[in-house]
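Engineer: Shown below is the structure under consideration.
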Protein chains: 2
Amino acid sequence: MMKKSPAPEAVKAWGRLMRVSRQLVEKAEDALKAGGLPPLAWYDVLHELAEAGEGGLRPFELIDRVLLAQYNVSRLLARLEADGLVEKLPVSDDGRGQTVRITPAGREMRRRIWAVYGASIADLIGDKLSAKELEALAGLLGRLRDPPITE
Amino acid sequence: MMKKSPAPEAVKAWGRLMRVSRQLVEKAEDALKAGGLPPLAWYDVLHELAEAGEGGLRPFELIDRVLLAQYNVSRLLARLEADGLVEKLPVSDDGRGQTVRITPAGREMRRRIWAVYGASIADLIGDKLSAKELEALAGLLGRLRDPPITE
DNA sequence: TCCCTGTCGATGCAATTGCATCTATATAGA
DNA sequence: TCTATATAGATGCAATTGCATCGACAGGGA
């Protein structure tokens with residue numbers, strides 16, 4: 001079995017991607033912490049649930065949207081529920097499952113997190129690249145996604 | 001105090017960056033795990049130490065290179081030492097500190113990890129973008145770094 | 001109907017991480 | 001010199017994460 005060697009350009013881009021993404025996440029998380037707000041993962045889940053609307057989402061649907069492991073979603077939802085940010089509803093046609101819906105308090109929390117998170121995004125990347133460059137970046141990253149996005 | 005709102009292009013690029021980087025890290029880590037190899041962080045440290053050569057590095061120098069918290073470096077080095085991959089030497093002119101040097105076994109481990117890690121890089125990004133595109137990506141990411149790289 | 005297999009979501013336990021703090025040494029200033 | 005402050009690195013403890021598994025229900029086939 002033959003193992004590939006990556007091109008030098010690939011190694012360089014990989015290194016940058018790893019370092020930059022970690023730096024950015026860390027700074028965004030720090031900003032939230034400084035504001036007494038919960039971690040980014042909370043935002044991601046609240047965001048998805050807010051987009052899903054009144055119908056809510058099944059936990060397993062959340063899993064691939066937010067890219068978290070099943071047990072992490074399970075525990076994160078338990079915390080969100082304990083804080084009154086989401087509610088779990090039994091689902092009629094599947095006795096195993098449940099539907100998770102965002103509450104008004106959850107929407108408010110999402111808004112508060114966004115005030116800080118959005119500002120971080122503006123600071124960390126919005127101010128550093130032009131609109132064209134940001135689109136170019138998004139385009140390149142889209143092709144690395146799984147599944148890839150071919151715009 | 002006025003909070004900025006990010007441009008839509010910035011939000012889109014941010015979202016892609018977050019999702020793609022997590023996906024890629026996860027896949028690379030999975031490949032290592034499947035090969036019975038230690039996590040990426042081990043590679044990063046062994047790599048820096050290998051580059052540093054016989055002189056080794058002080059733990060605090062490692063901290064900003066690998067972007068890990070001080071306590072994580074401390075514990076990671078303890079594990080690497082327990083596995084015989086690095087050795088800690090007292091440093092003459094500073095009684096608080098130590099110098100960490102990679103051992104032959106450490107170099108060998110680095111080589112083994114790279115066989116898998118490098119192949120992941122080739123698969124995950126080398127095969128998806130051209131050399132020109134990879135350079136463009138690295139260039140854009142470099143400007144997001146702290147400190148930014150202006151090539 | 002009764003398995004058998006698959007999926008949904010939760011959880012016990014071990015490993016890892018984060019936070020705060022500690023010890024030891026260095027350095028600067030009175 | 002003596003004291004105060006800063007830096008290097010380690011570590012106790014709590015919170016989080018990963019892994020494996022579990023219990024409950026669904027769906028299909030005999």
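Engineer: Does A:D64 fit the bill of being at negative phi, within 13 Å of another protein chain (Cβ to nearest Cβ) and under 13 Å from the mean Cα position of the chain (by Cα)?
Structural biologist: yes
Engineer: Search the range B:3-54 for residues being among the hydroxyl-bearing types (S, T, Y) and in a helix (DSSP H, G or I), and hand back the single one that is farthest from the other protein chains (Cβ to nearest Cβ).
Structural biologist: Out of the qualifying residues, it is B:Y43.
Engineer: If you don't mind, there's one more thing I want to ask. Select from the range A:55-72 the residues that are assigned to a helix (DSSP H, G or I) and within 10 Å of DNA strand D (Cβ to nearest atom) and write down the one among them that is least open to solvent (accessible area, probe 1.4 Å).
Structural biologist: Among those residues, the one meeting the criterion is A:N72.
Engineer: Only residues that are open to solvent by less than 40 Å² (accessible area, probe 1.4 Å) and basic (K, R): list them for the range B:1-51, please.
Structural biologist: Result: B:R16, single match.
Engineer: Can you tell me which residue among B:R112, B:R101 is open to solvent by 80 Å² or more (accessible area, probe 1.4 Å) and either closer than 30 Å to B:Q23 by Cβ or within 16 Å of DNA strand D (Cβ to nearest atom) (or both)?
Structural biologist: After ruling out the rest, the residue left standing is B:R112.
Engineer: Can you tell me which residue among B:K88, B:K4, B:K27 is over 30 Å from A:D146 (Cα atoms), charged (D, E, K, R) and in contact (Cβ under 8 Å) with a residue 12 or more places away in the chain?
Structural biologist: Only one candidate passes the filter, namely B:K88.
Engineer: Run down A:D93, A:D123 and say which single residue is of a type outside the set (F, W, Y), closer than 24 Å to A:G36 by Cα and open to solvent by 70 Å² or more (accessible area, probe 1.4 Å).
Structural biologist: Sole residue among the options that is of a type outside the set (F, W, Y), closer than 24 Å to A:G36 by Cα and open to solvent by 70 Å² or more (accessible area, probe 1.4 Å): A:D123.
Engineer: Still on this structure, I have one more. Residues B:V45, B:V86, B:V20: which one is among the β-branched types (V, I, T) and in contact with a Gly (Cβ under 7 Å, 6 or more places away or on another chain)?
Structural biologist: B:V86
The values are calculated or read from the model by the stated rules, or taken from the named source; none is laboratory data. Since this is a predicted model, take the numbers as computed values, not measurements. As a convention, Cβ positions derive from the backbone with ideal geometry for all residues, glycine included, and neighbour counts pool all protein chains shown. Heavy atoms of the whole protein, side chains included, go into the accessibility calculation; ligands, DNA and RNA do not. Shrake-Rupley method; radii C 1.70, N 1.55, O 1.52, S 1.80 Å.
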